[in-house]
1. I need the full set of residues from the stretch 64-86 which are over 23 Å from R45 (Cα atoms), among the hydrophobic types (A, V, I, L, M, F, W, C) and surrounded by 14 or more Cβ atoms within 10 Å (Cβ to Cβ), in order please.
2. Please pick out the residue among L92, L142 that is of a type in the set (A, V, I, L, M), surrounded by 18 or more Cβ atoms within 10 Å (Cβ to Cβ) and free of Cβ contacts under 8 Å to residues at least 40 places away in the same chain.
3. Filter the strands (runs of 3 or more DSSP E) completely within the stretch 1-77 down to those with at least 2 residues that are in contact (Cβ under 8 Å) with a residue 60 or more places away in the chain.
4. For the stretch 56-80, which positions are in contact with a helix residue (DSSP H, G or I) (Cβ under 7 Å, 6 or more places away or on another chain) and over 22 Å from D106 (Cα atoms)?
5. For the stretch 83-116, which residues satisfy the criterion of being in contact with a Lys or Arg (Cβ under 9 Å, 6 or more places away or on another chain) and either assigned to a strand (DSSP E or B) or more than 9 Å from the ligand (Cβ to nearest atom) (or both)?
6. Would you point out which residue out of N77, N55 is within 13 Å of the ligand (Cβ to nearest atom) and in contact with a His (Cβ under 9 Å, 6 or more places away or on another chain)?
7. From E22, E48, grab the single residue that is within 18 Å of E130 (Cα to Cα) and over 11 Å from the mean Cα position of the chain (by Cα).
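We did not get these values from a lab; they are worked out from the coordinates using the rules stated. Keep in mind it's a predicted model, so treat the numbers as computed, not measured. Virtual Cβ from ideal backbone geometry, glycine too; neighbours counted across all protein chains shown.
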Amino acid sequence: MTTPRRLLLVNGPNLNLLGTREPDIYGSATLADVEELTARTAAARGFEVRTVQSNHEGVLLDAIHDAREDCSGIVINPGGLTHTSVVLRDALSAVALPVAEVHISDVASREPFRHHSYIADVAIVHVVGEGVAGYATATERLIAVITGQTDN
Ligand code: CA2
């Protein structure tokens, strides 16, 4: 089978609130802006993007499982599940697609409970603290991995 030119963009719990609360931490862009930026970045490289945001862990797991069928990589901001979710990590590991982990804020300089990520070692690309622009960086770097232009 040829490599699908499609990515799954996953945004975890509470990221539907982007642009409406805590602009000092997360900026003023909305989730729609993030999805549009990611789609535009991917389209410039000949990829399309399917998006999912949910406040329910199982919905995210199902979307990740489905990506096996027709996607070649996953860009994910797991939100707070980053720091708590073995099942999300297991789903990403199970589908065995290349993963780019994105965080809008610089989690390393925030509360200690945000310093550990269950996702980090199943991701090949990590972009932290670049604001919403980090989704574009992550998408570019993930596509470079998928298309063999680099190894990370
Ligand atoms: O910096 C990030 O992107 C985070 O993944 C965002 C999560 C947080 O739990 C992680 O530690 C770091 C929180 C997502 C909630 O997003 C909101 C956006 C606007 C207003 C309120 C919450």
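1. The answer is L81, and nothing else.
2. Values: L142 fails: free of Cβ contacts under 8 Å to residues at least 40 places away in the same chain.
Among L92, L142, only L92 is of a type in the set (A, V, I, L, M), surrounded by 18 or more Cβ atoms within 10 Å (Cβ to Cβ) and free of Cβ contacts under 8 Å to residues at least 40 places away in the same chain.
3. On the way: elements: 6-11, 48-53, 73-77.
By residue number, 6-11, 73-77.
4. We begin by selecting, within the stretch 56-80, every residue in contact with a helix residue (DSSP H, G or I) (Cβ under 7 Å, 6 or more places away or on another chain); these are 57, 60-61, 64-65, 67-68, 72-75, 77-79.
Those that are in contact with a helix residue (DSSP H, G or I) (Cβ under 7 Å, 6 or more places away or on another chain) and over 22 Å from D106 (Cα atoms): E57, L60, L61, I64, H65, A67, R68, S72, G73.
5. Within the stretch 83-116, the subset in contact with a Lys or Arg (Cβ under 9 Å, 6 or more places away or on another chain) is 83, 94-97, 100, 103, 105, 107-108.
A94, V95, A96, L97, A100, H103, A108, listed by residue number.
6. Numbers: N55 fails: in contact with a His (Cβ under 9 Å, 6 or more places away or on another chain).
Testing whether each residue is within 13 Å of the ligand (Cβ to nearest atom) and in contact with a His (Cβ under 9 Å, 6 or more places away or on another chain) leaves just N77.
7. Values: E48 fails: within 18 Å of E130 (Cα to Cα).
Of E22, E48, the one residue that is within 18 Å of E130 (Cα to Cα) and over 11 Å from the mean Cα position of the chain (by Cα) is E22.
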